[in-house]
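Any read-out appearing in this document is the output of simple, stated calculations on the displayed coordinates, not a laboratory observation. All values reported here derive from a predicted model rather than from experimental measurement. As a convention, Cβ positions derive from the backbone with ideal geometry for all residues, glycine included, and neighbour counts pool all protein chains shown.
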Amino acid sequence: MGSASLRPHPRARRRAETLEELLDRAEQVVLAEGLESLSMHRLAAEHGVRVAALYRYWPSKDALLGALLARTVERVREKVALVPAWVDEVARRTRYDGRQRALLYVARLGAVYVELSRERPETTALMTHFLAPARTVHEPAPDAPLFVHGVALLREVASALAAASEVGALAEGDAIERAALLWTSLHGLVAASKLTRFGVAGTAERLTELLLATLLRGWGAEPGVLARPLARALRP
């Protein structure tokens, strides 16, 4: 089979490019004006097409939001995928023991979510929408990409937490529950970042460090073992 047969058809490639452009424009609206300002009519106007053209991609605004959320989760997963190699390199150069390495991994997973939210503020708005009460959100099917990727991400964090327990860096506990608490706590911190801008609390970096330290110590991490890995995870 020739290499030409492996290339996407021009029409399929154009459709994929248009899809990404539309999602980019939708994110820009969310970032500038909030989720309530996003609609199929608004997106059509932003892109310079008729509303009917958008329904070739999504049957409703809920489906559009689902696509935005799925892409956001995938971006988080892409950053998370870089963590193991980073941890290996840091642990090699610093000669961390098994407990320190395990805590470095967990702390870095938390840090990358906060970093992505700063790099792409629309992430916070979209994830807040996903975490809102069910009556305000279109619930995707359990086999939808959003849930498939989201659950896989949660399990990846849970796996890191379980590994930390296995080497004695954390006490025994339900890893999935801990992963959910870690994610939602960090998300809440990012969503409330205005407090730091108004001088009500410390810097976002300081609050992230305090939050991770509080959770990990509460789950059994020894302060003397946690200090260096936590500081390193927040300053890559």
Expressed in angstrom, Rg and Dmax over the Cα atoms of the stretch 1-57 are 14.7, 49
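When each pair of different Cα atoms in the stretch 70-110 is counted once in the 1/r mean, what is the Kirkwood radius in angstroms, to one decimal?
Values: mean 1/r = 0.0924 Å⁻¹.
Computed over the stretch 70-110, the radius equals 10.8 Å.
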Percentage relative contact order, the stretch 1-57, counting C-alpha pairs under 8 Å, at least six apart:
23
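For the ranges 84-96, 170-182, 38-50, what's the packing order if you count other beta-carbon atoms within 10 Å of each residue, average per peptide, and put the highest first?
Sorting 84-96, 170-182, 38-50 by mean packing, highest first, produces 170-182, 38-50, 84-96.
By how many nm would the segment from ARG206 to ILE176 grow when fully extended, if each residue of separation counts as 0.36 nm and the alpha-carbon distance is taken off? All intermediate terms of the calculation are to be shown ahead of the outcome.
On the way: separation 30, 0.36 × 30 = 10.80 nm, distance 2.58 nm.
My answer for the length gained is 8.2 nm.
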